[in-house]
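Following: one structure in structure tokens, then a few remarks.
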Amino acid sequence: MKKILPILCLLAIFCLSKGIAQTLNSGITKMVSNDILMTKANPETPINDGYVVQGNTISITGSFVNQSSATITNITIKYSDRSNEYSDNRAVNILPNQNYNFTHNTPYVVPSVGNYPIDVWIEWGGNNMSNKVTSHVKSIAFTPNKKVTYEEETGTWCGWCVRGMIWMDSMKNNPAYSSHVELIAVHDGDAMTFSNYDAGAQNNTYNTYFPNNAFPGFPSIEVDRLAIYDPQDMFAVYPNYINNFGLADISVNSTIAGTTATIVAQTHFAQALTSGYNLALVVTEDSVHNSSYNQENYYSGQTNTGNYVLPTVDNYNFHTLSSPVPGNLMYFPDVARTIIFYQGVPGSIIFPVASDTTESYTFHYSIPAGDNKNHMKAIILLIETATNKVWNANDVPLTGSTLGIATVSDVLTGLSIYPNPFTNQANINFSLSKDENVTISVTNLLGLNVMNINNGLLSAGNHNIMLNGNNLTSGMYFVTLKAGDYSLTQKVLLNK
């Protein structure tokens, strides 16, 4: 008996160390070590970070490796949201060292708003709860309309910075992108510099996602304050951000009395929050012109090849212009005139915030003499205080309703598309306050128009139009509803 006990202890230590080694190698915490190694399991969600609209159905997928010396002929795939458990029994033929991918035969119906852990595991040969993997589904009330925020660091002294101006203008002039982005030129060291904005953008303390190299060179583009790119990469990285969860819809209204603009931001939250977010106001001015604002131009006289490729936008061809470009020829786009504040205004959101509720906050801005209010825009940024990430944004002309022009919300309201995601058909619901000609256009992530629906003149009231996706491939699309001179856009996912 004394000889047997040490042997049993050694075997136990060996088995335990094997389980620990498998855990470290796979990066996955397991309940029990056995001859199946789970390598992945997750809900296949249509929105980044596990956000899904309540009531939607999603698939549970995963994969594992047969690490035994035997062929596996039957398994039970299980998952649980810790309230209900779902089993998928299936006959298989999985050879030793072979990988097996699966989709559970019972999709998960996302419950009411909240955070739901999803445990996924395999049962085989009497081994229960082996290699359990946990992910999370965050149920939300609706899918916010996401806008991507581009903040460019630039200056008239920077000869390469004309590249930033050209690519920013290229995106603004492309209708497939212009309504889905906020473009802000943050000037440094020239007459258009707003020092608080410039200092915030270059302060490493504020930039959690890249603390060691905030705006490492000029020009640079910061996207949602998550990463820095060269301006020529703006279009290429756009798909990486437009699908991110926007947290809330933001609507903005502006009125002007004398030289004071009053900007009201209404934030409609898709999920409940307890703390950690602020609103910031950015005011930009387009086509800023002053004969003394000469622009250095390192592209002057260079051939349009290699590193010197630069498109021509708004009739600017910097290859043929001098260096510096005389100020009387320059009209600077999207110049940041103020930001209140770089990290947002404390107290601009009152916590706690319930899901599917709207909060309102009012900013006041005194328009400096010499600035052209008719070229100015008020942009609201929704900022996470811990990281400085910009979750969402929206804008309105600074002149707002003072010109006596109706706003979109006065004419076109209640736009909703459901189900979202959809498989073949979706309902487009909206309301008109007056008779308008209505058209619907659908574009893909590349900005290509894939569908047009002309509904003609529709009367005031509620309307429902069917969107047929039978001739479209699975993927993300933008649906733009235009009623007369007013339009709204929503993002939808087709998942066949």
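The values are calculated or read from the model by the stated rules, or taken from the named source; none is laboratory data. Source: prediction; values computed, not measured. Note: ideal-geometry Cβ built from the backbone for every residue, glycine included; neighbour counts use all protein chains shown. Remember, those area values only see protein heavy atoms, side chains included, never the ligands or the DNA or RNA. Shrake-Rupley method; radii C 1.70, N 1.55, O 1.52, S 1.80 Å.
At 0.36 nm per residue, and after removing the present C-alpha to C-alpha distance, how many nm does the segment from A227 to E296 gain when stretched out fully?
Working: separation 69, 0.36 × 69 = 24.84 nm, distance 2.65 nm.
Result for the pair: 22.2 nm of gain on full extension.
Which of the residue pairs K147/K377; K146/K482; K146/K377; K40/K491; K78/K146; K389/K496 have a Cα-Cα distance greater than 26 Å in the structure shown? Show your work: numbers first, answer last.
Numbers: K147/K377 15 Å; K146/K482 19 Å; K146/K377 18 Å; K40/K491 28 Å; K78/K146 35 Å; K389/K496 33 Å.
From K147/K377; K146/K482; K146/K377; K40/K491; K78/K146; K389/K496, over 26 Å: K40/K491; K78/K146; K389/K496.
V109 accessible area, nearest 10 Å², 1.4 Å probe?
About 90 Å², ignoring ligands and nucleic acids.
In nanometres, what is the gap between the two model label sites at N437 and L472, each 7 Å from Cα along Cα-to-Cβ?
It works out to 2.4 nm between the two label points.
What's the FRET efficiency of T106 with N203 using the Cβ-Cβ distance as r and R₀ = 60 Å, to the nearest 0.05? Can you show the working numbers first?
Working: r = 50 Å, r/R0 = 0.83.
So, using R0 = 60 Å, E works out to roughly 0.75.
Give the carbon-plus-sulfur fraction of the accessible surface of the stretch 250-366 in %, rounded to a whole number; probe 1.4 Å, heavy atoms of protein chains only. Before the final figure, lay out the partial values.
Numbers: 2620 of 5300 Å².
With neighbouring chains kept in place, the figure for the stretch 250-366 is 49 percent.
Spelling out what I want: for every residue of the stretch 342-350, take phi, set θ = phi - 60°, compute 6.51 cos²θ - 1.76 cosθ + 1.60 (Karplus), and round to whole Hz; glycine and proline get x.
Taking θ as phi minus 60°, the curve returns 4, 9, x, 8, x, x, 6, 10, 8 Hz for the stretch 342-350.
Set the Förster distance to 41 Å, then compute FRET efficiency between S178 and S63 from the Cβ-Cβ distance, nearest 0.05.
Numbers: r = 41 Å, r/R0 = 0.99.
FRET efficiency, S178 to S63: 0.50.
Using mean Cβ contacts within 10 Å as the protection proxy, how do 253-261, 283-291 order, highest first? Mind showing how you got there, number by number?
Details: 253-261: 15.1, 283-291: 18.2.
With the highest mean Cβ count within 10 Å placed first, the list reads 283-291, 253-261.
Distance in nm between label sites at T423 and A236, each 7 Å beyond Cα in the beta-carbon direction?
Placing both labels 7 Å beyond Cα along the Cβ direction yields 3.9 nm.
Please compute the per residue accessible area over the stretch 239-299 with all protein chains in place, 1.4 Å probe, rounded to a whole number of Å².
Details: 2110 Å² over 61 residues.
Value for the stretch 239-299: 35 Å² per residue.
T320 to N196: FRET efficiency via 1/(1 + (r/R0)^6), r the Cβ-Cβ distance, R0 30 Å, to the nearest 0.05? Mind dumping the intermediate values first?
Details: r = 37 Å, r/R0 = 1.23.
So the FRET efficiency works out to roughly 0.25.
To the nearest 10 square angstrom, how much accessible area does R82 have with a 1.4 angstrom probe?
The value for R82 is about 140 Å².
Rounded, prolate or oblate for the stretch 110-163? Axes are the square roots of the Cα gyration tensor eigenvalues, ordered a ≥ b ≥ c, and the cut-off for rounded is a/c under 1.5.
Details: a/c = 7.10, a/b = 2.47, b/c = 2.88.
Note, shape of the stretch 110-163 comes out oblate.
Over its Cα atoms, what ratio of radius of gyration to 2.2 N^0.38 Å does the stretch 450-496 give?
Values: Rg = 12.2 Å, N = 47, 2.2 N^0.38 = 9.5 Å.
Computed over Cα atoms of the stretch 450-496, the ratio equals 1.29.
Taking 0.36 nm per residue of separation and subtracting the Cα-Cα distance, what length does fully extending N328 through T303 add? The partial results should precede the final answer.
On the way: separation 25, 0.36 × 25 = 9.00 nm, distance 2.46 nm.
Contour length minus Cα-Cα distance gives 6.5 nm.
Write down the accessible area per residue of the stretch 64-129 in Å², having rolled a 1.4 Å probe over the full set of protein chains. Don't skip to the end; give the middle numbers.
On the way: 3310 Å² over 66 residues.
Each residue of the stretch 64-129 exposes 50 Å² on average to a 1.4 Å probe.
Using a simple spin-label model with points 7 Å from Cα along the Cα→Cβ vector, what separation in nm is obtained for Y86 and A369?
Modelled inter-label distance: 6.8 nm.
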